[in-house]
1. For the range 34-59, which residues satisfy the criterion of being loosely packed, with under 12 Cβ neighbours inside 10 Å, more than 12 Å from R22 (Cα to Cα) and in contact with a strand residue (DSSP E or B) (Cβ under 8 Å, 6 or more places away or on another chain)?
2. Output the residue which, of all residues in the range 24-54 that are assigned to a loop (DSSP other than H, G, I, E, B) and more than 15 Å from the chain's Cα centre (by Cα), is nearest to G71 (Cα to Cα).
Amino acid sequence: MASATLIAPPERPAPSRKPDPRPIYSCPECGHLLRVSRLGRHRVYFDLNDERSEDPVMNRVCPACGDGLPGKNPT
């Protein structure tokens, strides 16, 4: 009769959520975080909880403190 030893497989770490590759902007005035899409004067800002990018910040100011957002050349 043959005997066998069972060895438990190594524990796998829980799958971690991939980090968001989209850049984040931190308002220098109040620290509010916004997700950024595009570059330069064409960048668009979204709140971090707007996962589907449906509601951009349209008035070019921080929604928390009203400080201006970079991206558009002053006129």
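No value in this document is a laboratory result; all are computed from the given coordinates. As the structure is a computational prediction, the values presented were derived from the model and not from experiment. Neighbour counts run over all protein chains shown; Cβ positions are idealised from the backbone, glycine included.
1. Listed by number, the list holds a single entry, D55.
2. For the range 24-54, the residue satisfying everything is L39.
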